[in-house]
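Student: Sharing a structure here in structure tokens format.
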Amino acid sequence: MTQEHPYWNMEIEPLFNTPEIQKLQFQKLKRMLERLNANAPFYSKMLSNGKFSIDSISSMEDFREKVPLFNKESLRALAMECGGDLLKTLDQIMPISVDDLDYIATTTGTTGIPTPYPMTNNDIQNVWGEVMTRGAWRAGIRPKDRVLFCFALSMVIAGIPSMMGLQKLGVTMLPVGAEAKSERILMVQGLFKGTVYAGTPSLAEYLIEQAPKMLNKSVGELGFKALLCGGEPGAGIPEVKRKIEDAYGCRIFDAGAGFGFSCDHEQYQGMHWLGDDLAYYELVDPETKAPLPLENGAKGEAVFTCLEGDGMVWIRQSLGDIHQVFTEPCPCGRSGFRYKVIGRSDDMLKVKGVMVYPSHIKGIINEFVPRVTGELRIILDERPPRVVPPLKIRVEHAEGLTEEQVNVLGHEIMETMSKKLKINPSIIWAAPGSLERSHYKGQTFEKTYEEEKQK
């Protein structure tokens, strides 16, 4: 493979969103369902009960209509049937035995019980790692690069599985991990001169503050040519993207919430879906769960069905993310429809009937950098989604502002949110540096209702 190739997989990636790939998807779906029927009791029971048969599925549209969704509630219910034993639960839904797994990663569990990601080496190399490598290649990452790997290495799928998968490209890994904290991360970068940062956008933002203190250098002087970010909103929020790119002097790429990876276009275009041959993507109505047409501009809850793999096999599974898809060609010229993450269904807030996501709030606050630091907390006095107005937002202002300047700034923020989000929040000011920074995912909520419950 030469470096002039636009894609890592020149056989498959040019076929994304074509009739050829759709035919391949249906063939792979049938094979996967046969495997599950033979080896996964949960699905063989579903078939024996006559809810649907493999032979009766004549198209992907037919599949969407006949096969029920599987989400966190489904996993929780199945786990209860298995006496709370997650290993027994996994044995019910995989086409292989739990004894044949090589790794079990999870989500961070920030919104409840962590979702398990059972994996074999085949999953890591040829499914998850294949997608990571496709995205990294499009981002200009090559075997000669050194990746300062700053995602948490403990359990989360963005950690060791992603690090191992990305090595398929042949890069040199500097596996420092978020657990090492900023001082060691910056020390490792100073010693081994990584050319690519991989980690959360929150940590990338925090290093902007810490590098001058610890190295007497700005992050723009650290030698990165690209930032690979994921695990939370940030890289896809235009205001945050601009702040980070201006500081580092290089492009930031957004990855995750499925098999997606953003392109190198100057304006954020969403993440290109890079797994047409590996998983089937669809949208459903967040309320009714009815299938939605995958057309330009459509919004809905993202649902995935794995077409390849051993342990990490999802069948119409939702992770709770709300996406907007774009099927028109991307200005970058690369293949794959695109999607933007609007928010998580369990992070959505309703203020006087208006739906608001934390990413929207963070985007507006970051419009006011450098008069604010970008750090904020959404204060919840009651369990969401309902919020009794006004929505309270704790915002960290920058150093050196007078009281009058802070007051003027507060009015500007409230006016902007009223205009763009149709809400009238209450801004509560925090001193510069007073809100705790995170080396993992950035903190979004301050849940006072939980604090009251503990008293």
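The values are calculated or read from the model by the stated rules, or taken from the named source; none is laboratory data. What you are looking at is a predicted structure, and each value in this text was computed from that prediction instead of being measured. Cβ atoms come from the backbone with ideal geometry, glycine included; neighbour counts cover every protein chain shown. SASA here: full protein model, heavy atoms, side chains in, ligands and nucleic acids out. Shrake-Rupley method; radii C 1.70, N 1.55, O 1.52, S 1.80 Å.
Student: Select from region 310-330 the residues that are open to solvent by 20 Å² or more (accessible area, probe 1.4 Å) and at pLDDT below 90 and list them in ascending order.
Tutor: Leu319
Student: Would you confirm whether any residue within region 258-278 is in contact (Cβ under 8 Å) with a residue 40 or more places away in the chain, outside any loop (DSSP other than H, G, I, E, B), open to solvent by 50 Å² or more (accessible area, probe 1.4 Å) and in contact with an Asp or Glu (Cβ under 9 Å, 6 or more places away or on another chain)?
Tutor: No - not one qualifying residue is present in region 258-278.
Student: Looking only at residues in region 146-197 that are part of a helix (DSSP H, G or I) and among the basic types (Lys, Arg), which one is least open to solvent (accessible area, probe 1.4 Å)?
Tutor: The extreme case among them is Lys168.
Student: What are the pairs with Cβ atoms under 6 angstrom where one residue, in region 206-232, is on the phi > 0 side of the Ramachandran plot and surrounded by fewer than 20 Cβ atoms within 10 Å (Cβ to Cβ) and the other, located anywhere, is of a type outside the set (S, T, N, Q) and not in a helix (DSSP H, G or I)? Sequence gap at least six, or different chains.
Tutor: Once the first residue is on the phi > 0 side of the Ramachandran plot and surrounded by fewer than 20 Cβ atoms within 10 Å (Cβ to Cβ) and sits in region 206-232, its partners that are of a type outside the set (S, T, N, Q) and not in a helix (DSSP H, G or I) give Gly223/Lys193.
Student: Residues in region 331-366 that are surrounded by fewer than 19 Cβ atoms within 10 Å (Cβ to Cβ) and charged (D, E, K, R): how many?
Tutor: Number satisfying all stated conditions: 3.
Student: On to the next question. With the requirement that a residue be of a type in the set (S, T, N, Q) and either more than 25 Å from Gly353 (Cβ to Cβ) or open to solvent by less than 40 Å² (accessible area, probe 1.4 Å) (or both), what does region 368-422 give you?
Tutor: The answer is Thr373, Thr402, Gln405, Asn407, Thr416.
Student: In contact (Cβ under 8 Å) with a residue 12 or more places away in the chain, in contact with a strand residue (DSSP E or B) (Cβ under 7 Å, 6 or more places away or on another chain) and closer than 20 Å to Ala40 by Cα: is that true of Met94 in this structure?
Tutor: So Met94 fits the description; yes.
Student: Here is a follow-up. Under the condition of being surrounded by 14 or more Cβ atoms within 10 Å (Cβ to Cβ), part of a helix (DSSP H, G or I) and aliphatic (A, V, I, L, M), which residue from region 37-50 is nearest to the chain's Cα centre (by Cα)?
Tutor: If we take residues in region 37-50 being surrounded by 14 or more Cβ atoms within 10 Å (Cβ to Cβ), part of a helix (DSSP H, G or I) and aliphatic (A, V, I, L, M), then Met46 is nearest to the chain's Cα centre (by Cα).
Student: Only one of Glu73, Glu34, Glu65 is at pLDDT 95 or above, part of a helix (DSSP H, G or I) and open to solvent by 60 Å² or more (accessible area, probe 1.4 Å); which?
Tutor: Going through Glu73, Glu34, Glu65 in turn, the sole match is Glu34.
Student: Looking only at region 242-269, which residues are in contact with a strand residue (DSSP E or B) (Cβ under 8 Å, 6 or more places away or on another chain) and basic (Lys, Arg)?
Tutor: Scanning region 242-269 gives Lys243, Arg251.
Student: For a quick check of your reading: which strands (runs of 3 or more DSSP E) sit entirely within region 341-455 and have at least 1 residues that are under 23 Å from Ile322 (Cβ atoms), of a type in the set (Lys, Arg) and modelled with pLDDT of 95 or more?
Tutor: 372-380
Student: Among all residue pairs at least 6 apart or on different chains, which show Cβ distances below 6 Å where the first residue, located in region 76-90, is in contact (Cβ under 8 Å) with a residue 60 or more places away in the chain and the second is in a helix (DSSP H, G or I)?
Tutor: Final answer for the pair search is Leu90/Val98.
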